[in-house]
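The values are calculated or read from the model by the stated rules, or taken from the named source; none is laboratory data. Worth saying up front: this structure is predicted, and the values here are computed from it rather than measured. Here the Cβ positions follow ideal geometry from the backbone for every residue, glycine too, while neighbour counts run over all protein chains shown. These accessible areas exclude ligands, DNA and RNA; they are computed on the full protein's heavy atoms, side chains included. Shrake-Rupley method; radii C 1.70, N 1.55, O 1.52, S 1.80 Å.
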Amino acid sequence: MDCYTANWNPLGDSAFYRKYELYSMDWDLKEELRDCLVAAAPYGGPIALLRNPWRKEKPANVRPVLEIYSASGMPLASLLWKSGPVVSLGWSAEEELLCVQEDGVVLVYGLHGDFRRRFSMGNEVLQNRVLDARIFHTEFGSGVAILTGAHRFTLSANVSDLKLRRMPEVPGLQSAPSCWTTLCQDRVAHILLAVGPDLYLLDHAACSAVTPPGLAPGVSSFLQMAVSFTYRHLALFTDTGYIWMGTASLKEKLCEFNCNIRAPPKQMVWCSRPRSKERAVVVAWEKRLMVVGDAPESIQFVLDEDSYMVPELDGVRIFSRSTHEFLHEVPVASEEIFKIASMAPGALLLEAQKEYEKESQKADEYLREIQELGQLTQAVQQCIEAAGHEHQPDMQKSLLRAASFGKCFLDRFPPDSFVRMCQDLRVLNAVRDYHIGIPLTYSQYKQLTIQVLLDRLVLRRLYPLAIQICEYLRLPEVQGVSRILAHWACYKVQQKDVSDEDVARAINQKLGDTPGVSYSDIAARAYGCGRTELAIKLLEYEPRSGEQVPLLLKMKRSKLALSKAIESGDTDLVFTVLLHLKNELNRGDFFMTLRNQPMALSLYRQFCKHQELETLKDLYNQDDNHQELGSFHIRASYAAEERIEGRVAALQTAADAFYKAKNEFAAKATEDQMRLLRLQRRLEDELGAQFLDLSLHDTVTTLILGGHNKRAEQLARDFRIPDKRLWWLKLTALADLEDWEELEKFSKSKKSPIGYLPFVEICMKQHNKYEAKKYASRVGPEQKVKALLLVGDVAQAADIAIERRNEAELSLVLSHCTGATDGATADKIQRARAQAQKK
């Protein structure tokens with residue numbers, strides 16, 4: 001353990017810092033880092049170098065080269081820079097490379113050098129050019145801050161949703177600030193800049209002068225500033241050699257350190273661990289690296305090569321031409337276990353396990369000592385936690401073996417933390433491999449989450465490793481394997497050197513019916529790559545028509561989309577395609593397409609009936625469907641025409657169509673309607689009453705109600721209304737008028753074709769029993785009983801029923817015998833029934 005702590009460096013009395021090698025870089029750089037624009041993504045992300053940038057000492061005819069490497073130095077992409085001069089490079093949270101040009105245009109590239117998009121920071125930036133730029137990260141996304149040649153700041157807090165903000169002007173600023181940075185306070189991005197001995201804070205509304213509390217006197221300029229990874233703390237390097245550390249709000253001072261070096265540092269970054277009370281800043285010059293904090297001494301390292309620092313959540317990555325190292329504060333669990341002469345439970349448990357492997361009795365002594373103090377559970381937890389913070393697999397195994405050894409002597413220790421740590425370390429060791437090059441720490445991994453790590457493996461096209469991790473961690477298919485296979489398929493369709501048939505077959509063989517995989521999404525990617533035929537082949541494997549059809553429409557394969565929509569049986573989907581076809585094709589081609597699809601034609605007709613009547617008429621004309629065309633004109637005559645002449649003309653057109661359809665009944669009925677309309681118009685002119693749009697029966701009834709009996713009878717003769725129907729109409733109308741005298745005359749005009757029982761019923765409906773009795777006497781014998789019952793003459797009805805010996809009539813009379821006065825009648829009927837039975 002003494003050797004293990006050889007690279008530990010104390011900073012004060014309460015914290016140790018160690019620096020260990022992550023990778024031996026093998027990227028064969030031809031130039032020094034100082035001659036390149038450098039950008040490295042956090043969380044073990046890639047490194048971008050822009051070689052031969054635009055410098056005065058460089059020849060103008062040499063094109064710069066943009067190169068992207070993994071954190072281990074493995075090349076990922078290389079391309080000649082053919083655009084304008086670049087001022088700054090930076091990585092977004094999605095690991096997209098942002099290249100800020102001098103003209104304010106930002107070019108966005110993928111991890112493998114593929115161009116994604118571009119956007120501009122505004123006309124003002126274009127006119128004044130870019131002096132400096134920063135790429136920063138907030139909880140909303142990745143942002144860009146620009147310093148223009150007019151010494152004004154413009155920023156966007158989220159490049160995915162570009163909203164430019166021009167920051168307020170700094171009073172009296174005539175030259176570029178000596179240093180500046182971005183802060184994120186209360187979910188708002190701010191600019192902090194130094195002008196001589198003064199600091200200014202810019203927000204969206206105002207420019208405020210701020211003063212760090214407790215700053216040492218004599219400061220005439222700030223040379224460097226650094227904000228912590230979480231934007232909670234700020235460090236300022238002054239021209240007096242002092243480093244001021246405090247909160248980012250500039251309201252509280254943490255400490256101040258005099259490094260006795262007045263030369264401006266190349267870089268200054270924070271080095272702190274989550275939930276740690278220690279705060280430290282790492283300052284780098286050409287040949288020296290210094291770690292300072294709240295302690296009188298500092299930690300110093302000699303830099304043999306030009307180096308670049310990358311701030312991380314729990315430390316600092318430092319890479320050079322030959323090595324890539326990680327500097328961080330030693331975690332508490334590791335410190336308690338490994339520091340010299342430690343008697344912490346974890347340290348004793350680790351020694352006990354080592355002695356146990358040696359078959360030494362000291363193992364029992366160490367174990368008893370821990371158990372006597374009741375700290376065995378704590379010892380196991382310390383070993384598990386310390387294993388997570390170790391980079392070397394051998395030390396991880398040693399600590400986990402100690403934890404497993406200690407668990408054997410505990411009755412109820414939950415195994416979840418131990419199993420989870422084993423799984424996490426196996427994943428971390430896999431991605432830390434030199435060929436993968438993602439040197440995540442345990443704290444970074446937990447902050448990043450497994451889903452984001454899988455996304456980053458997919459970005460690097462490391463599909464087999466991503467799938468192995470999903471299967472090992474037993475992630476749900478939709479979140480794990482299915483999602484990765486979908487990304488693999490989207491990448492596969494971009495391989496233009498393979499035929500469409502082979503790519504489609506390979507994707508289907510690999511994916512099959514994997515849940516959560518959408519073939520339509522893969523087909524959309526293929527179409528975006530210009531491979532339309534491949535997209536169509538992939539859509540054949542898509543089981544959901546609702547996903548097939550929109551993409552087929554987008555690819556201008558509308559007829560195929562219509563066939564798919566019809567096969568699905570989804571009428572809404574068919575309507576969607578029809579409306580798209582209508583806008584895409586000319587009228588003739590559209591109608592011809594519909595004729596080949598009967599179901600689509602039927603649905604479109606239904607649509608036209610409610611929305612486009614003229615189009616419906618054209619459809620009927622094109623199909624020579626005279627029957628439907630006649631029906632259309634009849635509906636149109638009432639829906640669209642208000643003038644009687646126009647209505648009659650439309651009906652004449654309908655009658656002609658019915659004759660062409662050889663439907664003489666419909667044609668004759670239409671002609672009769674035309675005659676009726678003309679007659680109704682004449683009646684309105686002559687009588688001044690409302691007749692238009694009445695039916696034939698209602699017209700006759702209206703005439704009778706108006707006392708125009710002769711006109712009504714003439715109308716009945718003209719339209720051949722049967723006598724029975726005419727008598728019913730006249731009977732009903734006269735009863736409604738309560739013209740009983742005219743009704744009696746009408747009944748005596750000739751023998752009623754409907755009998756006289758209706759007269760009785762109509763009179764009783766009008767509650768006129770007196771008139772009803774007049775007609776009851778004239779009712780024939782078959783309906784006499786019913787008529788008498790209607791007028792309430794139960795006794796006479798009983799006599800007739802008994803005389804006729806009609807059982808149905810007897811039962812009908814009995815049903816009307818409800819009161820005491822009808823008791824004798826009921827008895828009489830019962831006696832008649834009994835006598836009939838004896839005979």
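Averaged per residue, segment 338-584 has 50 square angstrom of accessible surface, using a 1.4 angstrom probe with ligands and nucleic acids left out. The charge dipole of the chain, taken about its Cα centre with unit charges on the Cβ of Lys, Arg, Asp and Glu (plus for the first two, minus for the last two), comes to roughly 3280 debye.
Roughly how many percent of the accessible protein surface of the chain is carbon and sulfur, given a 1.4 Å probe and a whole-percent answer?
Working: 19710 of 41190 Å².
It is 48 percent, rounded to a whole number.
For segment 31-211, just say rounded, prolate or oblate: build the C-alpha gyration tensor, square-root its eigenvalues into a ≥ b ≥ c, call rounded for a/c under 1.5, and beyond that prolate if a/b exceeds b/c, oblate if not. Judged from the Cα gyration tensor, segment 31-211 comes out prolate (a/c at least 1.5, a/b above b/c). Sorting 339, 277 by solvent-accessible area of protein heavy atoms yields 277, 339, largest first, with a 1.4 Å probe. Above 15 Å, the calculated P(r) of segment 133-175 contains 43 percent of its Cα-Cα pairs. Working note: Debye formula, equal point scatterers on the alpha-carbon atoms of segment 477-526, no solvent; log10 I(q)/I(0) at q = 0.14, 0.30 Å⁻¹ is -0.30, -1.23.
Computed with the Debye formula from one identical point scatterer per Cα of segment 338-584, without solvent, the log10 of I(q)/I(0) at q = 0.10, 0.15 Å⁻¹ comes to -0.66, -1.00.
Going through segment 337-384, which GluC sites (Glu not before Pro) have at most 11 other Cβ atoms within 10 Å and a DSSP loop state?
For GluC sites (Glu not before Pro) across segment 337-384 that sit outside H, G, I, E and B with at most 11 neighbouring Cβ atoms in 10 Å, the list reads 359.
Taking a probe of 1.4 Å, how large is the accessible area per residue of segment 693-781, in Å²?
Working: 4940 Å² over 89 residues.
Spelled out: the 1.4 Å probe surface of segment 693-781, per residue, equals 55 Å².
List, in the order given, every pair from 19/358; 277/407; 354/407 whose Cα-Cα distance in the structure shown is over 20 Å. Checking Cα-Cα distances, 19/358; 277/407 exceed 20 Å.
Give me Rg/Rg_expected for the chain, where Rg uses Cα atoms only and Rg_expected = 2.2 N^0.38 Å with N residues.
Values: Rg = 48.5 Å, N = 839, 2.2 N^0.38 = 28.4 Å.
Expressed relative to 2.2 N^0.38 Å, the Cα Rg reads 1.71.
Modelled label positions at residue 186 and residue 547, each set 7 Å beyond Cα in the direction of Cβ, lie 4.6 nm from each other. By how many degrees, 0 to 90 and rounded to 10, does the Cα axis of helix 393-407 deviate from the longest principal axis of the chain? Value to nearest ten degrees: 70. Estimated at the nearest 10 Å², the accessible area of residue 304 is 130 Å² with a 1.4 Å probe.
Starting from the Cα-Cα distance between residue 471 and residue 120, subtract it from 0.36 nm times their residue separation and give me the gain in nm to one decimal. Spell out each step's value before the answer.
On the way: separation 351, 0.36 × 351 = 126.36 nm, distance 4.30 nm.
Result: 122.1 nm gained on full extension.
Heavy-atom accessible area, probed at 1.4 angstrom with all protein chains present, ranks 445, 770 as 770, 445, highest first. With a Förster radius of 35 Å applied to the C-beta separation of residue 767 and residue 652, the computed FRET efficiency comes to 0.15. Checked against a 19 Å cut-off, the cross-linked pairs 496/554; 253/446; 750/774; 668/730; 730/784 give Cα-Cα distances beyond that limit for 496/554; 253/446; 668/730; 730/784.
Against the main long axis of the alpha-carbon atoms of the chain, helix 709-718 sits at an angle near 70°. Would you please give the FRET efficiency between residue 394 and residue 540, computed as 1/(1 + (r/R0)^6) with r the Cβ-Cβ distance and R0 = 41 Å, to the nearest 0.05? Plugging the Cβ-Cβ distance into 1/(1 + (r/R0)^6) gives 0.20.
Which FRET efficiency, nearest 0.05, do residue 254 and residue 682 yield, Cβ-Cβ r, R0 60 Å? Walk me through the numbers on the way to the answer.
Working: r = 105 Å, r/R0 = 1.76.
Calculated value: 0.05.
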